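What follows draws every value from the coordinates through simple rules; no lab data is involved. Everything numeric in this text was worked out from a predicted model, so none of it was measured. Counting neighbours? That spans all protein chains shown, and the Cβs are built from the backbone with ideal geometry, glycine included.
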Amino acid sequence: GSQELLRGFEAASRPSASAFQPLLTDPTGNFSLSFLRVNGTRLALAVVHVRSSQPLWVADPARPTRWSDRSTRVSFNGSLVISDPSSGAFWSTGTDGDRVVLLNSSNLQVQKQSDGDGGTTVVLWQSFDFPADTLVENQNFTAAMSLASSNGLYSMRMGSDFFGLYAKFGGDADHMYWKHGALEAKAQVIDGAGAVYARVDPDGFVAMYQNSSVPVDVEAFNSFQKPIDSFLLLRLESDGNLKGYYWTGSIWAMNYRAIPGFCELPSPCGPYGLCSADSTCACLDNRTEARPGSCSAPGSSDFCGGGGSRSGGFSVLRRNGVELPFKELMGYVSAPSLDECEGVCERNCSCWGAVYSNTTQFCYTIDYPIQTLVEVADKTKIGYFKVKPARGGEGKGRGYEAGFGLGVLAWVLVGIAVAGGFGLVGYRVWRRRRGLKGHLADENGLASGPYKNL
């Protein structure tokens with residue numbers, strides 16, 4: 001690839017390319033703007049780390065095209081554009097620039113000379129302002145941006161004095177499941193003095209700043225204050241965890257993990273799953289096989305109409321010894337009894353369930369489709385969950401499978417019959433799979449290779 005793209009540039013994908021097809025390189029040769037092969041068959045425009053083929057930025061992660069489709073083209077005529085004959089231009093920088101360059105920081109820029117060749121260079125657009133699932137060192141992360149996991153289920157956003165992780169569980173809003181607030185040890189957050197932003201520092205930490213160079217918070221990586229001369233990145237993974245990595249020269253090594261425990265992840269066992277202390281998964285009803293996504297097929301969020309065993313067309317599942325994995329970020333009401341707590345949820349059309357503690361009398365109501373609960377030894381912590389089977393294929397495409405055991409046995413029997421038999425369904429525990437689909441480092445080893453999980 002060249003070191004700049006000028007007006008009139010145009011390129012089409014080559015199906016013969018194995019991992020990525022370079023179009024533009026940075027001065028060091030470490031990074032490349034390329035056509036990237038995704039999952040073997042799909043095509044994306046990305047800035048990749050050349051030696052590992054890892055994408056650091058993707059132009060339109062929600063819309064990869066077929067790798068074999070030679071009609072997909074990238075062009076530059078003031079704007080960097082991706083197009084094909086059927087859709088026309090479906091992604092563009094929307095600029096009127098003179099050239100495209102890739103800096104040695106991996107930042108892709110559309111630039112314009114303000115007064116001809118000898119004038120000042122003006123940056124009209126840059127990839128650092130539009131991150132996908134990754135932040136690299138020295139890249140500012142502001143309240144105007146968000147990270148999105150490759151599967152689109154999780155996001156990271158800045159708050160007034162914190163950054164948080166959010167999940168798309170369904171319902172009316174995204175739900176925060178992890179939060180890191182500014183400790184303000186060296187500098188204070190001052191109201192009205194500007195927005196707080198975050199940045200990954202090459203010395204091995206992610207810091208939050210307001211106006212000065214003194215951080216209002218420092219979140220250390222494992223490599224903090226260690227002599228590691230390497231490129232750092234922070235990535236929001238498809239399981240909802242936020243992880244940091246550094247390049248060793250041959251592999252990406254993990255050196256930061258926001259959520260340490262498997263059961264603390266937002267939904268490690270899928271909807272209506274149960275996560276045990278040994279990081280194994282089961283189903284809340286104990287009657288359906290346990291692998292992520294197999295415990296339930298959620299239907300409509302409206303529990304107020306329709307038929308069924310109750311007025312809202314749902315059955316009820318109860319389970320002792322459970323709690324929510326991020327209850328400290330959820331609201332609750334005080335209820336003198338379990339019946340009162342259940343009544344609060346039962347009368348609320350948007351409520352999917354509740355978890356009650358007899359000890360504290362706290363009632364946590366759940367206003368989104370039930371996700372994974374955490375198994376605890378305290379049997380006075382009781383879960384109440386509404387169950388509504390999918391109708392007409394609702395939930396397809398989300399990894400859910402139709403059928404839920406308790407209260408909808410007839411539906412399960414129909415599903416088993418269609419599958420070809422009424423034999424006993426054996427209970428199987430799904431073991432936690434370690435590692436990253438993107439061939440990044442796991443807890444026990446290191447790896448590198450093409451990115452597989454856009």
Those trypsin sites (Lys or Arg not before Pro) in segment 155-243 that DSSP places in a loop and that have at most 16 other beta carbons within 10 Å: 186
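Using the structure shown, select from 327/381; 179/381; 186/243 the pairs with a Cα to Cα distance greater than 19 angstrom. Numbers along the way, then the final one.
Values: 327/381 12 Å; 179/381 24 Å; 186/243 25 Å.
In this structure, 179/381; 186/243 lie more than 19 Å apart at Cα.
Taking the Cβ-Cβ separation of residue 350 and residue 60 as r and a Förster radius of 22 Å, what is the calculated FRET efficiency to the nearest 0.05? Mind showing how you got there, number by number?
Numbers: r = 33 Å, r/R0 = 1.50.
Plugging the Cβ-Cβ distance into 1/(1 + (r/R0)^6) gives 0.10.
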Can you run phi through the Karplus equation (6.51, -1.76, 1.60; θ = phi - 60°) for segment 30-36 and list ³J(HN,Hα) in whole Hz, with x for Gly and Pro? 7, 10, 8, 7, 9, 6, 10
What's the extension gain from residue 3 to residue 103 if we count 0.36 nm per residue and subtract their Cα-Cα distance? 35.1 nm
Suppose each label sits 7 Å from its Cα in the direction of the beta carbon; what would the residue 212-residue 146 distance come out to in nanometres? 3.3
Evaluated at 4 °C with a viscosity of 1.567 mPa s, what Stokes-Einstein diffusion coefficient in µm²/s does segment 1-113 have when Rh comes from the Kirkwood expression over alpha-carbon pairs? 93
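Mind checking Rg over Rh on segment 166-244, alpha carbons, Kirkwood formula for Rh?
On the way: Rg = 14.9 Å, Rh = 14.5 Å.
With Rg and the Kirkwood Rh in hand, the quotient comes to 1.03.
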Would you please state which residues of segment 366-387 a label at residue 320 would reach in this model, taking the label point 7 Å out along Cα→Cβ and a backbone N cut-off of under 15 Å? 376-384
Tell me the label-point distance for the pair residue 17, residue 330, using the 7 Å Cα-to-Cβ offset, in nm and rounded to one decimal. 4.6
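Any idea what the alpha-carbon Rg over 2.2 N^0.38 Å comes to for segment 95-186?
For segment 95-186, the normalised Cα radius of gyration comes out at 1.42.
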Taking 7 Å along the Cα-to-C-beta vector as the label spot, tell me the residue 42-residue 379 distance in nanometres, rounded to one decimal. 4.7
Which of the peptides 320-331, 247-258 is most tightly packed, and how do the rest follow, going by the mean number of other Cβ atoms within 10 Å of each residue? 247-258, 320-331
Give the calculated FRET efficiency between residue 120 and residue 10 to the nearest 0.05, with a Förster radius of 25 Å applied to their Cβ-Cβ distance. 0.35
Per 0.36 nm of contour for each residue apart, how much would the distance between residue 339 and residue 28 grow if the chain were fully extended, relative to their Cα-Cα spacing? 105.4 nm
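On full extension of the chain, what length is gained from residue 248 through residue 86, given 0.36 nm per residue of separation minus the C-alpha to C-alpha distance? Present the calculation step by step, with values, prior to reporting the outcome.
On the way: separation 162, 0.36 × 162 = 58.32 nm, distance 4.30 nm.
Working it through step by step, the gained length comes to 54.0 nm.
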So for segment 85-145, using the alpha carbon gyration tensor with a ≥ b ≥ c as root eigenvalues (a/c under 1.5 gives rounded; past that, a/b versus b/c decides prolate or oblate), I'd call it oblate
Quick check: Cα centre of segment 148-162 to Cα centre of segment 213-277, how many Å? 14
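Sort the following peptides by mean Cβ neighbour count (other Cβ atoms within 10 Å, averaged over residues), highest first: 205-212, 10-17. Can you show the working numbers first?
Values: 205-212: 18.9, 10-17: 14.1.
Going from most to least packed, we get 205-212, 10-17.
Which FRET efficiency, nearest 0.05, do residue 279 and residue 190 yield, Cβ-Cβ r, R0 41 Å?
Working: r = 43 Å, r/R0 = 1.04.
That gives a FRET efficiency of 0.45.
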